[in-house]
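Asker: First, the structure itself, so that you have it in front of you.
Taken together, the values in this text are just the output of simple stated rules run on the coordinates, not laboratory data. Please read these numbers as outputs of a predicted model, since none were measured by experiment. Every residue, glycine among them, receives a Cβ derived from its backbone with ideal geometry; neighbour counts consider all protein chains shown.
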Amino acid sequence: MGLKYTILGGDKRSLELGKLLIADGNDTCIYGFDKVNQYKTESVNLDQAIKYADIIIGPLPFSIDHINVNTPFSSEVIEIDEVFNLITNKQILIGGKFSIEDEKILKNKNLKFVDYFKREEMQVLNAVPTAEGAIQIAMEETPYTLHNSNVTVLGYGRIGKVLSKMLAGIGANVYVVARKYSDLAWIKNNGYIPIHLKELKTYLPKMNIIFNTIPQIILNKELLKSIDSNCIVIDLASKPGGVSMEAAKELEIKVISALGLPGKLAPLSAAKIVKDTIYNIIEEMVV
């Protein structure tokens, strides 16, 4: 007998994940989507939805306010405490970006849980829809082609690597900023223009678009003053982001905070990545 799944809230990516699990032949309950026409009258309540499953799959992020589960398509507010109280230690809760407090509570209750956002395969594969989404935003927000534009990518982690490659493929002049000399060597080796972070100010005036992937304030007021007024900044980093928003507003520099792009712009592809990651987790846990 196979495992039973419950999809508990989330965005379009979670909805697509539920459909993929069903398509694979899994018994799956999709809960927290009554605002979507297909699920307008949900036939089960929260208690039944949780008791139904061996695996409960929460959204990414699991919560936005640290009080309720992230359920943008539900008219019902689902409290985190209520969910934790309903889950038993025979079930597994798999979600994305659990808070430190949530993890403490789950451990104290001796409940099995896994944060799929921490998985390396998830992070690597998720970089592709994130990079594509960033490029889509750049194309929509600029009056010129990316081809032959001067673009800077701040950071050479997973997203920075994929984004730099895509931008170069379009024909942009790609400048990549990093701290580590080993990263700068790889940047040069891959045909981009390497910039050490301490030299960033020198290059900023000639940039048309800046993509930030570093989750700490890099573009402070001093550096923002060096940016051309027509340049746009697309911030892909998780909070607090990499841009001083207050300074950017004061200097009238356009900053687009672009979080959660896979779920917004490529929900089906993002759902496939989550599904494969979840299958890997279950295989490793030998449920």
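Asker: Please compute the net charge surrounding residue 190, taking Lys and Arg as +1 and Asp and Glu as -1 over other residues with Cβ under 10 Å from its Cβ.
Answerer: On the way: positive: 161, 165, 188; negative: none.
Charge balance in the 10 Å sphere: +3.
Asker: Next question. Dipole magnitude of region 4-118 about its Cα centre, charges +1 at Lys/Arg Cβ and -1 at Asp/Glu Cβ only, in debye to the nearest 20?
Answerer: On the way: 14 positive and 17 negative charges, 64 e Å.
Once rounded to the nearest 20, the dipole reads 300 debye.
Asker: Shifting gears a bit: Taking the Cα atoms of the chain, report the difference between the largest and smallest coordinate on each principal axis, in whole Å and largest first.
Answerer: The Cα atoms of the chain stretch 60, 38, 37 Å along the principal axes, largest first.
Asker: Still on this model: Can you say what percent of the DSSP beta bridges in region 1-112, counting only those with both residues inside, are antiparallel? Round to 5. Walk me through the intermediate numbers first.
Answerer: Working: 2 of 14 bridges.
In region 1-112, DSSP labels about 15 percent of beta bridges as antiparallel.
Asker: Another question about this same structure. So how far, in whole Å, is the C-alpha centre of region 29-87 from the one of region 131-168?
Answerer: Centre-to-centre (Cα) distance: 35 Å.
Asker: Please state the charge dipole magnitude for region 114-163, taken about the Cα centre, from unit charges on C-beta atoms (+1 on K and R, -1 on D and E), reported in debye and rounded to the nearest 20.
Answerer: 180
Asker: Write down, largest first, the equivalent ellipsoid semi-axes of region 147-287 in whole Å, where each equals the square root of 5 times an eigenvalue of the alpha-carbon gyration tensor. Kindly include the intermediate steps, with their values, before the conclusion.
Answerer: Values: eigenvalues 173, 69, 42 Å².
Working from the Cα gyration tensor, I get semi-axes of 29, 19, 15 Å.
Asker: Also, quick follow-up: Size of the dipole of the chain about the Cα centre, Lys and Arg at +1 and Asp and Glu at -1 on the beta carbon, nothing else charged, in debye to 20?
Answerer: On the way: 32 positive and 33 negative charges, 170 e Å.
In debye, rounded to 20, the chain gives about 820.
Asker: Report Rg (one decimal) and Dmax (nearest whole number) for region 110-169, counting Cα atoms only, units Å.
Answerer: 15.1, 56
Asker: So what is the calculated 222 nm ellipticity per residue for the chain, using -39500 (n - 2.57) for each DSSP H run with n of 4 or more, over all residues, to the nearest 500 deg cm²/dmol? Before the final figure, lay out the partial values.
Answerer: Numbers: 12 runs with 117 residues, N = 287.
Result for the chain: -12000 deg cm²/dmol, rounded to the nearest 500.
Asker: With a Cα-only, solvent-free Debye model of region 4-118, what are the log10 I(q)/I(0) values at q = 0.10, 0.22 Å⁻¹?
Answerer: -0.25, -1.32
Asker: Rounded, prolate or oblate: which fits region 169-224, taking a ≥ b ≥ c as square roots of the Cα gyration tensor eigenvalues, rounded meaning a/c under 1.5, else prolate when a/b beats b/c? Intermediate values should be presented prior to the final figure.
Answerer: Values: a/c = 1.81, a/b = 1.27, b/c = 1.42.
In terms of gyration-tensor shape, oblate.
Asker: Now for a different question. If you take every DSSP beta bridge fully contained in the chain, what fraction is antiparallel? Give it as a percent rounded to 5.
Answerer: Details: 2 of 39 bridges.
Around 5 percent antiparallel, to the nearest 5.
Asker: Which residue, 266, 147, 281, has the largest displacement toward the positive end of the dipole of the chain when charges sit on each Cβ (Lys, Arg +1; Asp, Glu -1)?
Answerer: 147
Asker: Follow-up. Given the options 123, 189, 224, identify the residue whose Cα lies farthest towards the positive end of the charge dipole of region 123-263 (+1 on Cβ of Lys, Arg; -1 on Cβ of Asp, Glu).
Answerer: Sorting the options by dipole projection puts first 189.
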